[in-house]
1. Across peptide A:127-133, what mean number of C-beta atoms from other chains lies inside 10 Å of a residue's C-beta?
2. Just the Kirkwood number for chain A, please: inverse of mean 1/r across all distinct Cα pairs, in Å, one decimal.
3. Given the -39500 (n - 2.57) contribution per DSSP H run of 4+ residues, what per-residue ellipticity at 222 nm results for chain B, rounded to the nearest 500 deg cm²/dmol?
4. Could you report the protein assembly as shown's accessible area per residue, 1.4 Å probe, as an integer in Å²?
5. Could you give me the ³J(HN,Hα) list for the stretch A:119-135, computed from phi with Karplus coefficients 6.51, -1.76, 1.60 and θ = phi - 60°, whole Hz, x at Gly and Pro?
6. Need one value for A:216-227: mean number of C-beta atoms belonging to other chains within 10 Å of its residues' C-beta atoms.
7. Taking a label point 7 Å from Cα toward Cβ, how far is B:F170 from its twins in the other copies, in nm, shortest first?
8. Enter the mean number of other protein chain beta carbons within 10 Å of the beta carbon of each residue in A:117-125, as an integer.
Protein chains: 2
Amino acid sequence: MDATNSLEVIDALAEAESVDRLHTICAGVCQEHGFERFIYGARIPTSFVKPYFIFISGYPREWREHYTANNYMVIDPTVQYCAQNITPMAWDDDMLTGGRAEIRRFMSEARDFGINSGVSFPIHTSQGDFAMLSFASGKTGPQSRTCIQRVLPLGQLFTAYLHEAVRRVFDADVVALSKVDLTQREKECLLWATEGKTAWETSQILSIAERTVTFHLQNVQGKLGVNNRQQAVARAVSLGIIEPQFNQ
Amino acid sequence: MDATNSLEVIDALAEAESVDRLHTICAGVCQEHGFERFIYGARIPTSFVKPYFIFISGYPREWREHYTANNYMVIDPTVQYCAQNITPMAWDDDMLTGGRAEIRRFMSEARDFGINSGVSFPIHTSQGDFAMLSFASGKTGPQSRTCIQRVLPLGQLFTAYLHEAVRRVFDADVVALSKVDLTQREKECLLWATEGKTAWETSQILSIAERTVTFHLQNVQGKLGVNNRQQAVARAVSLGIIEPQFNQ
DNA sequence: GAACGTACTGTCAGATATTACAGGTACAGC
DNA sequence: GCTGTACCTGTAATATCTGACAGTACGTTC
């Protein structure tokens, strides 16, 4: 990994064809910017109750296992922040003071694995993916803040390209679920369904029979593999199949 | 505007309290990186059929008016790309060759207003917002490519902070719609509704009466101001009120 | 103590969705 | 000419949702 120029790492991501390769590239960027650890995680909304997770971990194995076993994702303040925001979050051991007890305990345990400070970059996609990349180090105080500030501009860009690469590499896998293609009429009927229109109302809007609207929505349910209209609507919206219009 | 350091512009965005101020900051960054024009646009999904749009324009007024009058958003290749992707898009007059006729005409008309090349940064949020920032110039060839490459890292970060600032500045306005808060039970019932469960099925899962599930979902409909369950589901998902879980 | 929010439950009529059956036209590619 | 796809329509039984009626219980705030 020799990437003095920012764009070389970006190109490397664009060409990567395996998870191992992505891991190597991340490790390189991590090290070059003065961090010791990195971790990338993505949540793909195949289902709301049980989404699909992808991780590329440069964290200590023991910490990862402990983290998973305790379901720390629901506590981890960086995950909570990144799930809601689009700008990076810098964090350090100041978070040991203040905040809820479980968060203090979490941060304290991370510290035992040499993770004192870092920065996390969130990514959200129109397909409903949520991903984040964290760089971490054992540094504290001004020393850590300097590293964080330096990595900010590249980090945000890098995370976007990284997630794009992950989706490409995992193409054959679960990610393909969001590639259902609906016909024009199916999309139209679904769009009006998301607007709360009944089949009859939609039939008036599209000037077709109520039965035809039902027919199209049935086909949508089949294609999306769902049980009823509300689930079809939920999945279509979360997968970005139905987007807000650009008209007016 | 004196922002040799990247982070100064970021801080400036974080403190900005008016659209005019945001306009000034954008214009500064634009100029410093060798571009002549910029435009920021955001789509807030208040409704799927008629979402809310926000623009901060540093484009020629005549071009903007022409663009709006012809509803060019549905043609503009940068908008189409950014709506689907998370990485920046560089564009230049090469797009005059190839592609659909209406796109060639569009690019050709933009050229008449001194817009030959540029770069567009997309942003998607967990609340379903879609925003993009474009920097444009009259330059062509290698000269334009150099400017674009230089602005890439900061641009992605800047766009994220810009959109965050826009949401803050517009807080009192339409943006506040996504701040409906539902009770725990309401969220639970809604979550299972997005999974295609009927009221009876949800009642079995939560160990309550079917009638109670209906009751909660009715309250959700009231709070979200919608007519039926599928619209409630669509809005809750698109506003990020119901997110995929982190369990397991 | 009253007012309020949250959670919970019941009945019942009418509207809407789901699922089964059945059938049709138009167009593109082989 | 055959095959496949998109698009369209109808009837009918059953399941589910919607909306309006009417309540109880518990905890917090004023």
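The values are calculated or read from the model by the stated rules, or taken from the named source; none is laboratory data. Worth saying up front: this structure is predicted, and the values here are computed from it rather than measured. Cβ placement follows ideal geometry from the backbone for every residue including glycine, while neighbour counts extend to all protein chains displayed. The accessibility values were calculated without ligands, DNA or RNA, using every heavy atom of the protein model including side chains. Shrake-Rupley method; radii C 1.70, N 1.55, O 1.52, S 1.80 Å.
1. Mean partner-chain Cβ count within 10 Å for A:127-133: 3.
2. 20.3 Å
3. Helices in chain B give a 222 nm mean residue ellipticity of -16000 deg cm²/dmol.
4. I get 43 Å² per residue for this part.
5. 8, 10, 10, x, 9, 10, 10, 6, 8, x, 5, 10, 9, 8, 10, 10, 10
6. Going residue by residue through A:216-227 and averaging, the value is 1.
7. The projected label point of B:F170 is separated from its counterparts by 3.0 nm.
8. Whole-number average of other-chain Cβ neighbours for A:117-125 is 3.
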